[in-house]
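Some notes on the structure that comes next.
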Amino acid sequence: MLDRLITPLVHLLLAAAAVLIFLMSFLVVSDVIGRAVFNSPVKGTPELVSMSIVLIAFLLAPHAVQSGGMLKADVLVGTFGKAGQDFSELVSGLLGAAFFGFILWGGAGPALNSWIGGEYEGEGALRVPAWPARFVVVFGAFLVVVIYLGKAVRAGRDLLTSRSQQS
């Protein structure tokens, strides 16, 4: 049930990341052409690109976790049998939730302070507000925590079910 609620949101974030990547590629090409041909780069490109990279990473993280695209040693885990795989999935779900939980915990306060204080990235020609990237990090980390906990619950349930069937 959790997957049916989160999957459309994860796909929306995936599409937003794709659009951002597409737009960022035009910005970078324009900057390079402007720098090489007209000796006038697009102002603010470094700030926008650095902010976009953070946005893209945390827009894509929920999809990477939900689709099983995170790194794991399948060769090693595959030798443990079904119970070992379930246990590995349980532990990795809990550890992943803890890791992204720390990001969520550490990022929520600074995101709020960034919004309230009007924090900006860059100086001079273009100043980019920092709060959107900070909130995307917090929201992306929150979704990843929920997805990892869902995976851990499923793995724990599968582990208990397989143990009760063996008895």
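Listed values, structure above:
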read-out: Enumeration of residues in the range 97-145 that are in a helix (DSSP H, G or I) and of a type outside the set (A, V, I, L, M, F, W, C); value: 101, 106, 107, 109, 110, 113, 114, 117, 132, 134, 140
read-out: Candidate set: the range 16-57, residues that are within 22 Å of residue 107 (Cβ to Cβ) and among the hydroxyl-bearing types (Ser, Thr, Tyr); chosen: the one modelled with the highest pLDDT; value: 52
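The values are calculated or read from the model by the stated rules, or taken from the named source; none is laboratory data. Predicted model, so just to flag it, every value in this text is computed and none were measured. For neighbour counting, all protein chains shown are included, and Cβ atoms are generated from backbone atoms with ideal geometry for every residue, glycine included.
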